[in-house]
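Undergrad: Pasting a structure below so you can have a look.
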Amino acid sequence: MSIENPIFRTEDLCAYYGDFMAIKHVTMSIPEKKVTAFMGPSGCGKTTILRCLNRLHELTPGAWYSGKIFLRDQDILEMDPILVRRKVGMVFQKPNPFPTMTIYDNVLAGYKLLGIRLKKEEADRICEEALRKAALWDEVKDILHRRGTFLSGGQQQRLCIARALAVNPEVLLMDEPTSALDPKATLQIENLIVDLKNTVTIIIVTHNMPQAGRVSDYSAFFYLGELVEFGPTAEMFTNPKDPRTEEYLTGKFS
Amino acid sequence: MNNTNNVRYQWRRTKNQIILATIAVLAIIPAIPLFVILFQLFQKGISSLSIDFFLNLPAPPGEPGGGIKNAIVGTFIIVGLASLMGVPISIMAGIYLSEYGKESKFAHLVRMCADIFQGVPSIVIGIIAYAWVVKPLGKFSALAGSVALAIMMIPVVVRTTEEVLRLVPNILREASLALGVPYWRTVLKVVLPTGMVGVTTGVLIAVARIAGETAPLLFTAFGNPFMTYNPLEPMNALPLLIFNYSMSPYEDWWQQAWGASIVLITIVLLLNIASRILARRVAGEK
Ligand SMILES: Nc1ncnc2c1ncn2[C@@H]1O[C@H](COP(=O)(O)OP(=O)(O)OP(=O)(O)O)[C@@H](O)[C@H]1O
Ligand SMILES: [Mg+2]
């Protein structure tokens with residue numbers, strides 16, 4: 001299946017932990033300004049391939065890759081990882097705001113930690129914009145100078161989304177962003193994802209089939225490190241081509 | 001039936017109470033000497049405490065009065081200099097072990113050295129400082145005492161810093177790295193601030209430990225009955241004064257040694273309490 005103008009394109013990507021090959025010869029294209037869901041049973045390599053896309057994989061001792069990952073025309077495996085990560089933001093499974101920082105500083109962490117000085121008005125503007133995009137502004141606008149860790153789990157996760165959005169990434173990677181949250185907070189984040197796709201490309205790992213159905217345009221199904229199937233979500237859900245996908249979708253294994 | 005149950009219940013209750021009482025008594029026993037010591041200390045020393053005691057210099061032998069101002073100031077200078085020398089490199093070494101060296105051979109070597117040094121008797125460390133500083137300079141000095149105390153605190157601070165930084169969740173490092181922040185900046189701006197309270201606690205504990213050391217100062221700082229602020233001169237310190245006074249033949253010096261002990265114990269106790277409060281704040285933030 002061919003994607004026009006993909007933002008990400010992997011070519012024969014393999015990812016390893018030491019001798020163990022966790023991602024096996026994956027070639028795929030991720031469409032721009034769409035939501036793509038990565039699905040598959042536990043341990044199939046969703047987190048691993050996601051962490052390849054912003055070069056976080058190599059932080060694990062002994063981890064390495066082979067193959068190519070193009071972000072537009074540039075192979076990110078040849079780039080400075082710091083530049084890659086500025087363009088490809090990430091939201092983690094567990095909310096992880098910086099405990100020593102206020103809400104305001106958390107949102108601007110992508111600038112402050114790099115020592116980039118912003119004018120007060122500009123900092124305020126970026127902060128408000130990011131919090132609005134993350135649908136958190138109304139809840140925190142009066143407590144911007146309190147610690148981020150005082151917020152509820154769902155608010156913390158949206159704070160982390162705001163933090164990632166504040167540096168204007170081209171892609172936002174989300175690794176099961178709602179698995180630690182209650183249904184209401186989950187719904188808020190799902191709505192947020194749908195709203196965001198006009199501005200940023202989103203890749204989300206999820207175990208939750210209905211969630212994938214609600215938020216994603218495209219889906220990738222992984223099994224034991226291989227990409228089994230990739231296509232429009234609606235198509236894959238109604239008419240899976242591979243029997244393994246079908247088994248997974250019908251709940252034969254998880 | 002009902003009756004036997006009742007008897008059994010009563011017996012279980014009594015047994016419980018006996019065991020509880022035994023545990024309480026056993027828990028109090030180790031605290032007894034501590035309180036006896038503190039009580040004796042205050043009983044014997046409280047009479048020497050006066051404003052003059054803090055503000056005056058020692059009187060010549062045989063003359064009444066005199067204070068311990070030079071020893072208090074000396075303790076602060078010697079311990080302060082030791083911290084200035086010891087704390088920054090220790091924290092850097094702790095950061096190295098936790099964030100860079102990790103499981104490397106060199107890191108293990110550093111850890112082993114720190115652990116060995118922690119076990120070296122303090123008198124031996126005094127001799128090392130004597131060889132390194134007193135000999136080359138040709139005289140006793142506060143600086144030599146500070147070097148000895150710095151050597152004593154380094155392994156403690158290195159290891160606590162490492163332990164505390166290792167407790168910083170990895171997910172925070174990744175959050176920072178995922179924003180495109182270089183590793184060294186992540187360490188300085190995220191990991192270190194997150195563990196700062198714990199690091200400070202470790203430093204306070206180390207300072208409290210060295211503040212009361214006598215042996216490493218005996219042939220380094222040496223002691224000095226006069227007031228001096230010059231770290232290149234021999235200098236008095238509370239533990240030295242206590243040692244010298246209690247070995248003297250003068251009864252009023254013995255008396256003052258008790259007073260100086262109260263001062264020293266209070267300083268150490270305050271440092272310990274401060275570190276406890278900080279440590280509790282760390283625990284509360286988790
Ligand atoms: N740090 C690591 N060292 C060695 N092997 C690892 C490491 N992390 C993951 N693996 C292995 O790589 C494979 C893929 O793991 P990964 O975490 O990517 O799975 P996942 O699809 O995200 O699973 P889940 O749905 O449970 O999060 C698994 O077999 C796992 O055991
Ligand atoms: Mg995972």
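The values are calculated or read from the model by the stated rules, or taken from the named source; none is laboratory data. Not measured: the values here are computed from a predicted model. FYI the Cβ positions are ideal-geometry reconstructions off the backbone, even for glycines, and counts take in every protein chain you see.
Undergrad: What helices (runs of 4 or more DSSP H) lie completely within the stretch A:102-143 and have 1 or more residues being away from chain B (no Cβ under 14 Å), surrounded by fewer than 19 Cβ atoms within 10 Å (Cβ to Cβ) and more than 25 Å from the chain's Cα centre (by Cα)?
TA: Output list reads A:120-133.
Undergrad: So how many residues does the stretch A:39-71 have that are more than 12 Å from A:Ala15 (Cβ to Cβ) and surrounded by fewer than 21 Cβ atoms within 10 Å (Cβ to Cβ)?
TA: Counting residues in the stretch A:39-71 that are more than 12 Å from A:Ala15 (Cβ to Cβ) and surrounded by fewer than 21 Cβ atoms within 10 Å (Cβ to Cβ) gives 7.
Undergrad: Hey, another quick one. On the given criteria, is B:Phe76 assigned to a helix (DSSP H, G or I) and under 29 Å from B:Ile125 (Cα atoms)?
TA: Here the answer is yes, as B:Phe76 does meet what is asked.
Undergrad: What pairs can you find where one residue is in the stretch A:117-140 and over 24 Å from A:Leu187 (Cβ atoms), the other is in a helix (DSSP H, G or I) and acidic (Asp, Glu), and their Cβ atoms are less than 8 Å apart, with a gap of 6+ or different chains?
TA: Once the first residue is over 24 Å from A:Leu187 (Cβ atoms) and sits in the stretch A:117-140, no partner that is in a helix (DSSP H, G or I) and acidic (Asp, Glu) comes close enough.
Undergrad: Filter the stretch A:19-52 down to residues that are within 14 Å of chain B (Cβ to nearest Cβ) and more than 16 Å from ligand 2 (Cβ to nearest atom), then give me how many there are.
TA: So the count comes out to 0.
Undergrad: For the stretch B:86-205, please list each of the helices (runs of 4 or more DSSP H) lying entirely inside it that holds at least 3 residues being more than 30 Å from A:Thr100 (Cα to Cα).
TA: B:105-118, B:122-129, B:142-166
Undergrad: Restricting to the stretch B:85-132, name every residue that is surrounded by fewer than 13 Cβ atoms within 10 Å (Cβ to Cβ) and aromatic (Phe, Trp, Tyr).
TA: Listed by number, the list holds a single entry, B:Phe106.
Undergrad: Hey, another quick one. Would you check which residues across the stretch A:87-101 are surrounded by 20 or more Cβ atoms within 10 Å (Cβ to Cβ) and either modelled with pLDDT of 95 or more or more than 8 Å from every other protein chain (Cβ to nearest Cβ) (or both) and list them?
TA: A:Val88, A:Gly89, A:Met90, A:Val91, A:Phe92, A:Pro95, A:Asn96, A:Pro97, A:Phe98, A:Met101
Undergrad: Next up: How many residues are in contact (Cβ under 8 Å) with a residue 24 or more places away in the chain and either under 22 Å from A:Asp242 (Cα atoms) or within 16 Å of ligand 2 (Cβ to nearest atom) (or both) if we restrict to the stretch A:194-213?
TA: 10
Undergrad: Let me ask something else. Scan B:Leu167, B:Leu137, B:Leu149 and give me the residue that is assigned by TED's automatic domain parsing to the domain that holds B:Asn224 and within 14 Å of the chain's Cα centre (by Cα).
TA: Within the list B:Leu167, B:Leu137, B:Leu149, the selection yields B:Leu149.
Undergrad: Could you tell me which residue of the stretch A:144-170 is farthest from the other protein chains (Cβ to nearest Cβ), considering only residues that are surrounded by 23 or more Cβ atoms within 10 Å (Cβ to Cβ) and basic (Lys, Arg)?
TA: Here the answer is A:Arg158.
Undergrad: Condition first: more than 14 Å from chain A (Cβ to nearest Cβ) and in contact (Cβ under 8 Å) with a residue 12 or more places away in the chain. Can you find one or more residues in the stretch B:184-200 that meet it?
TA: Taking every residue of the stretch B:184-200 in turn, none turns out to be more than 14 Å from chain A (Cβ to nearest Cβ) and in contact (Cβ under 8 Å) with a residue 12 or more places away in the chain.
Undergrad: Let me ask something else about it. More than 14 Å from chain B (Cβ to nearest Cβ), without any contact (Cβ under 8 Å) to a residue 24 or more places away in the chain and not in a loop (DSSP other than H, G, I, E, B), is that true of A:Leu77?
TA: yes
Undergrad: Okay, next question. Filter the stretch A:153-176 down to the residues that are over 14 Å from A:Phe98 (Cα atoms) and outside any strand (DSSP E or B) and list them by number.
TA: Answer for the stretch A:153-176, where residues must be over 14 Å from A:Phe98 (Cα atoms) and outside any strand (DSSP E or B): A:Gly154, A:Leu165, A:Ala166, A:Val167, A:Asn168, A:Pro169, A:Glu170, A:Glu176.
Undergrad: Going by the conditions given, is B:Thr161 away from chain A (no Cβ under 14 Å), crowded, with 18+ Cβ neighbours inside 10 Å, farther than 16 Å from B:Ala82 by Cβ and not charged (D, E, K, R)?
TA: Answer is yes for this residue.
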